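Peer 1: Got a structure here, written out as structure tokens. Questions coming.
Taken together, the values in this text are just the output of simple stated rules run on the coordinates, not laboratory data. This structure is a prediction, so every number in the text was calculated from the model and none was measured. Note: ideal-geometry Cβ built from the backbone for every residue, glycine included; neighbour counts use all protein chains shown.
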Amino acid sequence: MRKNIVAGNWKMNKNAQETKALVDELKTRLANATAEIVIAPPFVNLSLAKAELTNSKIVVAAQNMHQAENGAYTGEIAADMLTSIGVNTVILGHSERRQYFNETDSMLAYKVDTALKHNMTVIFCIGEELKDRQDKQHFNVVENQLRDGLFHIENSAWANIVLAYEPVWAIGTGETASPDQAQEMHAFIRETVRHTFGSDIAENLSILYGGSVKPDNAKEIFSKPDVDGGLIGGAALKADDFVTIATSI
């Protein structure tokens, strides 16, 4: 049975003091959450978050990592640097990484391989831009991202994969895919995985929705049968909003 997951991607927000304050509040208020809760602070605050969440079920994730094991890659972070501090989950392929840092499907496939080699859980992001949807290419774009980034992995590796569908046109814009649009794409993604890897993998795969989820729309979006939670951006930075969203599933 697939897990319900609510993950907060903090992006480039929160200094050390702000991180401690937010983590401490979430630790208390989400102690009895039924969904798995994930938070992804910036790299410099991962150790702090881990320390604050000792004896908590909240998972700390990285927002990105480099595909190489080590080397002359100034400013980058390797997988074993993350796992050495107890961070075993990483977000890969976020639309902002694709757009601003030119991450390609082939690069992301390499990153996935590295993460899996270190037995990390990967939250793998896929999603179309507004023009793709306007041109009715959204299904093709999402399928290609999925196939090129993930379909080379072994069946057993899917136990370490979580998908996050993020319609790029609904991130930070205030626009949101309707619950029916989200369900339509999530069902398509699950069927695409099923066609290649079988029903067991498809039915046990958690697929999160990421696109301006807010306290007032989370419950309706999460009620859809193929939506297993959310990858939350801006609303993850406010304890009240994130707690409301995280307890809406």
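Peer 1: Any chance you could count how many residues in the stretch 64-110 are in a loop (DSSP other than H, G, I, E, B) and either of a type outside the set (S, T, N, Q) or in contact with a Lys or Arg (Cβ under 7 Å, 6 or more places away or on another chain) (or both)?
Peer 2: Pass one, the stretch 64-110, residues in a loop (DSSP other than H, G, I, E, B): 64-78, 84-88, 93-94, 101-104.
Pick out the ones that are also either of a type outside the set (S, T, N, Q) or in contact with a Lys or Arg (Cβ under 7 Å, 6 or more places away or on another chain) (or both) and you get 64-69, 71-73, 75-78, 85-87, 93-94, 101, 103.
Number satisfying all stated conditions: 20.
Peer 1: How many of the residues in the stretch 120-143 are more than 17 Å from the chain's Cα centre (by Cα) and in a helix (DSSP H, G or I)? Reasoning before the result, please.
Peer 2: If we filter the stretch 120-143 for residues that are more than 17 Å from the chain's Cα centre (by Cα), which is where we start, we get 129-141, 143.
Then keep just the ones that are in a helix (DSSP H, G or I); that gives 130-134, 138-141, 143.
Counting residues in the stretch 120-143 that are more than 17 Å from the chain's Cα centre (by Cα) and in a helix (DSSP H, G or I) gives 10.
Peer 1: So, in the stretch 94-106, exactly how many residues are over 14 Å from L208 (Cα atoms) and either buried (at least 18 other Cβ atoms within 10 Å of the Cβ) or in contact with a Leu (Cβ under 8 Å, 6 or more places away or on another chain) (or both)?
Peer 2: Let us first name the residues in the stretch 94-106 that are over 14 Å from L208 (Cα atoms), namely 95-106.
Retained after the next criterion (residues that are either buried (at least 18 other Cβ atoms within 10 Å of the Cβ) or in contact with a Leu (Cβ under 8 Å, 6 or more places away or on another chain) (or both)): 95-98, 103.
Count: 5.
Peer 1: Here's a check for you: in the stretch 78-119, which residue that is under 18 Å from the mean Cα position of the chain (by Cα) and of a type in the set (V, I, T) is farthest from K11 (Cα to Cα)?
Peer 2: T114
Peer 1: Which condition from (1) touching a strand residue (DSSP E or B) at 6+ places or on another chain (Cβ under 6 Å); (2) part of a helix (DSSP H, G or I) is the one that V38 breaks?
Peer 2: (2)
Peer 1: Search the stretch 166-224 for residues being among the acidic types (D, E), surrounded by fewer than 22 Cβ atoms within 10 Å (Cβ to Cβ) and part of a loop (DSSP other than H, G, I, E, B), and hand back the single one that is farthest from the chain's Cα centre (by Cα).
Peer 2: Initially, the stretch 166-224 is screened for residues among the acidic types (D, E), giving 166, 175, 180, 184, 191, 200, 203, 216, 220.
Going one step further and asking which of them are surrounded by fewer than 22 Cβ atoms within 10 Å (Cβ to Cβ), we end up with 175, 180, 184, 191, 200, 203, 216, 220.
Next, from what is left, pick out any that are part of a loop (DSSP other than H, G, I, E, B): 175, 216.
Details: E175: 19, D216: 21 Å.
Checked the stretch 166-224; the qualifying residue farthest from the chain's Cα centre (by Cα) is D216.
Peer 1: Provide a single number: the residues in the stretch 1-23 that are of a type in the set (A, V, I, L, M, F, W, C) and within 18 Å of D240 (Cβ to Cβ).
Peer 2: Start the filter on the stretch 1-23 by keeping residues that are of a type in the set (A, V, I, L, M, F, W, C), which leaves 1, 5-7, 10, 12, 16, 21-23.
With within 18 Å of D240 (Cβ to Cβ) added as a condition, the list becomes 6-7, 10, 21-23.
Qualifying residue count for the region: 6.
Peer 1: Filter the stretch 1-35 down to residues that are charged (D, E, K, R), in a helix (DSSP H, G or I) and under 21 Å from N55 (Cβ atoms) and give me whichever is nearest to the chain's Cα centre (by Cα).
Peer 2: Step one: filter the stretch 1-35 for residues charged (D, E, K, R), giving 2-3, 11, 14, 18, 20, 24-25, 27, 29.
Then drop every residue that is not in a helix (DSSP H, G or I), which leaves 18, 20, 24-25, 27, 29.
Then drop every residue that is not under 21 Å from N55 (Cβ atoms), which leaves 20, 24-25, 27, 29.
On the way: K20: 22, D24: 22, E25: 22, K27: 20, R29: 22 Å.
Residue satisfying both the conditions and the ranking: K27.
Peer 1: Any idea which residue in the stretch 13-56 is surrounded by the fewest Cβ atoms within 10 Å (Cβ to Cβ), counting only those that are among the polar types (S, T, N, Q) and within 20 Å of I123 (Cα to Cα)? It would help to see each step written out before you state the result.
Peer 2: Our first condition is that a residue be among the polar types (S, T, N, Q); within the stretch 13-56, this holds for 13, 15, 17, 19, 28, 32, 34, 45, 47, 54-56.
If we keep only those that are within 20 Å of I123 (Cα to Cα) too, we end up with 13, 34, 45, 47.
On the way: N13: 15, T34: 9, N45: 21, S47: 14.
Out of the qualifying residues, it is T34.
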